[in-house]
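Please read the structure below before turning to the comments.
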Amino acid sequence: MTTSTFPYDDVDFTYAPGPFVDLAETDLGQTLWQFLTQPHIVHAMVIAVRLGAAPVSAISEDLLTAFGSGDPYQQPKEALMSGLQQRFPIGQSVSLDQIKRMIGHMIRQILGQLGLTIRTRNSPANDPLGIFTTSARYEAARTASTP
């Protein structure tokens, strides 16, 4: 029996944190990058792009499972932030909005390294958990032979 692999299983994604350098260099930033570059997470984002959906909508449940508090009485946003605060020493100085912006920045670089470009910005994320409200939408990069 052969194992199916994705064409990006062996891609060595690199992250240039730019405005997120302080957060990206923390254990939280490093762990989020490792999470986002896992082949099944990249695959979910690519499939979302192919379907015209926001990449974050395809990974929010995995993100909550990996980093949330596990408290069924918390709303997903609160459970995610609570879990992140329990696991990483981020204190009150880092907001969930900052973390979500860095995740979006990371996703942009991952998808860019796969040849995908931003089609629209600040589109409704249609995130089933409501963690992300807006997101960029992506498309395959146009080449000279692509209309």
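The numbers here are math on the coordinates, done by the rules we state, and not lab data. Worth saying up front: this structure is predicted, and the values here are computed from it rather than measured. Quick reminder, even Gly has a Cβ in these numbers, built from the backbone with ideal geometry, and neighbours come from all protein chains shown.
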Summing +1 per Lys or Arg and -1 per Asp or Glu among the other residues with Cβ less than 10 Å from T120's Cβ gives +2
Which value, in debye to the nearest 20, gives the size of the charge dipole of the range 21-140 about its Cα centre, when Lys and Arg are +1 and Asp and Glu are -1 at the Cβ?
420 debye
Relative contact order for the chain: what percent, with Cα pairs under 8 Å and sequence separation of 6 or more?
26 percent
Simple spin-label estimate for T120 and Q86 in nanometres, 7 Å along Cα-Cβ:
3.7 nm
Treating the angle as unsigned and between 0 and 90°, give the value, to the nearest 10°, between the Cα long axis of helix 76-87 and the longest Cα principal axis of the chain.
70 degrees
Expressed in nm to one decimal, what extension gain is obtained for the pair T65 and I47 from 0.36 nm per residue of sequence separation less their Cα-Cα distance?
4.5 nm
Low-density loop positions, trypsin sites (Lys or Arg not before Pro), the range 65-100 - DSSP coil, at most 16 other Cβ in 10 Å:
none
Taking Cα atoms only, helix 39-50 is inclined relative to the longest principal axis of the chain by an angle, in degrees rounded to 10, of 60 degrees
Just how far, in whole angstrom, is the range 95-110 from the range 29-71 if you go by their alpha carbon centroids?
11 Å
Given [x] 27, 17, 13; [y] 22, 19, 15; [z] 26, 17, 16 as possible values of semi-axes √(5λ) of the Cα gyration tensor in Å, the one from the coordinates is [z]
Inter-label distance for V11 and S93, nm, one decimal - labels placed 7 Å from Cα along Cα-to-Cβ:
3.4 nm
